[in-house]
Amino acid sequence: MEQELVHCGKTKIEWARSWMPLLANLREEFIQDEPFSGNRIGISIHLEAKTACLAILLRDGGAQVFVTGSNPLSTQDDVAAALAEEAGISVHARHGVNEAEYFNHLREVLAGMPDLILDDGGDLVGLLHKEIEGEVIGGCEETTTGVNRLRVLARAGRLRFPMFAVNDAKMKYLFDNRYGTGQSVWDGIMRSTNLLVAGKTVLVAGYGWCGRGIAMRACGLGARVTVSEVDPVRAVEAVMDGFAVAPLAEAIGQADLLITSTGCSDVVTAEALKNAKDGLLLANAGHFDVEIDKHALAKLAASQRDVREGIREFTLKNGHRLYLLGEGRLVNLVLGDGHPVEIMDISFALQALTLRHIVENAPFSPTLYAVPPQIDRQVARMKLEALGVRIDTLTETQQSYLGLSSS
């Protein structure tokens, strides 16, 4: 049984690797140069095939790698089993762990005394700051939620080592957050519900880059889209993009499907849930399961039951049935395979190059840094080359006109 699991995981990893040309190019460099020779890299990430490819790349670059999941339900056990077979990689993750087990896995990664960190959501860095001492050169953060947590630490002067906000790099949020989330969220919803999207009214909570992608894909699938926002600028953007905009507690009464993508807590409250129409599907695309108030939903329910894998029905006292997808966790990873492979090829190239930048340029002061723009441009050029696309270049006269250096 274990070998079947390993074989299945290896097949998934091989499939993902075959669609990741950026990582393939970096692998050639890393095997030759071994930029992480002598380094120990601690990773907390959604553990599936694409992230396994990243872990193997960093190992091929000379690092000893320690890996765990960043969500109790996003780890794929077959991939974890296959990755654990790789020399130089220690895996501490399992699908469906409880909260205590989840944090114990984080501690097991940190017991490897990593000097580089790759985090997704901020739990690994948060634990490092609370419980565990270690000499960390620096690290990267993948998500909006994680970067927000780092900003809080940095503003308070409590960030103990340098971290780079990979989420804020253009080649990350413009593509991963928008096109990756936009496609993978609908993949998770459609494969788990087997319901039609066309003709439905979809309410998207939050119009950041993830919300933009979700709304855009919903529109393309034939849905009527309403956006709820707290930021007036983003609300204007949503209007100009052709979407209705309304307060969530009002719009929920007409919605067939509500998707949260804010990165904030208590977005869908008890008061809002009381206004929901019968048959509302509730899904979350934010990192943590705090956007939909699951406790309020349970209290409002007269009864509840599982109706499909990953879907729980809550029948309210007024008779309305609400359906929570994936326990209110990341719907694209709990009920799907996460972002498309080619999208994560871009994001993970950014991660790998930023980690190399940290090693080559350390030491840094303990604060939050932007990814250097030259790394953004390098990844963009790599992607264009992989696509077989050529672009123009500025002449020396044009560079002089724009006040740019010709170097």
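Values quoted throughout were computed directly from the atomic coordinates according to the rules given, and no laboratory measurement underlies them. Every value quoted in this text rests on a predicted model; they were computed, and no experiment measured them. All Cβ positions, even for glycine, are placed from backbone atoms using ideal geometry, and neighbour counts span all protein chains on display.
Taking the chain as a Gaussian network of alpha-carbon nodes connected by springs under 10 Å, the highest mean-square fluctuation of the residues Gly279, Gly42, Gly138 belongs to Gly279. Radius of gyration (Cα atoms) of segment 356-407, expressed as a multiple of 2.2 N^0.38 Å: 1.56.
Please work out how much length the chain gains when fully extended from Leu195 to Glu313, using 0.36 nm per residue of separation minus the C-alpha to C-alpha distance, in nm with one decimal.
Values: separation 118, 0.36 × 118 = 42.48 nm, distance 1.53 nm.
That works out to 40.9 nm of additional length.
Restricting the calculation to Cα atoms, every distinct pair contributes to the Kirkwood radius of segment 208-274, found to be 12.4 Å.
Counting neighbouring Cβ atoms within 10 Å and putting the fewest first, the residues Met344, Met113 line up as Met113, Met344. Rg and Dmax over the alpha-carbon atoms of the chain stand at 21.8, 73 Å.
In what sequence do His95, His46 fall when counting other Cβ within 10 Å, fewest first? Walk me through the numbers on the way to the answer.
Details: His95 17, His46 27.
Ascending number of Cβ neighbours within 10 Å: His95, His46.
Fully extending the segment from Cys219 to Ser18, taken as 0.36 nm per residue of separation minus the present Cα-Cα distance, adds 69.3 nm. In a DSSP loop and with at most 16 other Cβ atoms within 10 Å, the trypsin sites (Lys or Arg not before Pro) in segment 128-199 are Arg158, Arg160.
When the alpha carbon gyration tensor of segment 288-407 is reduced to an equivalent ellipsoid, the three semi-axes, largest first, read 49, 19, 15 Å. In this structure, Val152 and Ala298 have a Cβ-Cβ separation that, at R0 = 41 Å, corresponds to a calculated FRET efficiency of about 0.90. Quick check: from the Cα gyration tensor, does segment 1-106 come out rounded (a/c under 1.5), prolate or oblate? Oblate.
For segment 74-184, the spherically averaged projection of the C-alpha convex hull amounts to 8.1 nm². Counted over the chain, the DSSP beta bridges are approximately 20% antiparallel. Note on the chain: with a GNM built from Cα contacts shorter than 10 Å, the maximum mean-square fluctuation among Gly253, Gly220, Gly206 falls on Gly220.
Spatially close Lys pairs in the chain, defined by Cα atoms under 27 Å apart and a spacing of eight or more places or different chains, total 23.
Summarising the label geometry, the points placed 7 Å from Cα in the beta-carbon direction at Ala87 and Leu404 lie 4.5 nm from one another. Set against the 2.2 N^0.38 Å expectation for a compact globular protein, segment 224-263 has a Cα radius of gyration ratio of 1.09.
Here the extension length gained between Glu271 and Thr393 equals 38.4 nm, from 0.36 nm per residue of separation less the Cα-Cα distance. DSSP beta bridges confined to segment 177-334 are antiparallel in about 35 percent of cases. Taking packing as the residue-averaged number of other Cβ atoms within 10 angstrom, the listed peptides 301-308, 271-278 run from highest to lowest as 271-278, 301-308. Taking chymotrypsin sites (Phe, Trp or Tyr not before Pro) that fall in a DSSP loop and have at most 16 other Cβ atoms within 10 Å as cut points, what is the longest piece of the chain between them? Answer from the scan: 20-363. By the compact-protein rule of thumb, 2.2 N^0.38 Å, the alpha-carbon radius of gyration of segment 177-334 corresponds to a ratio of 0.93.
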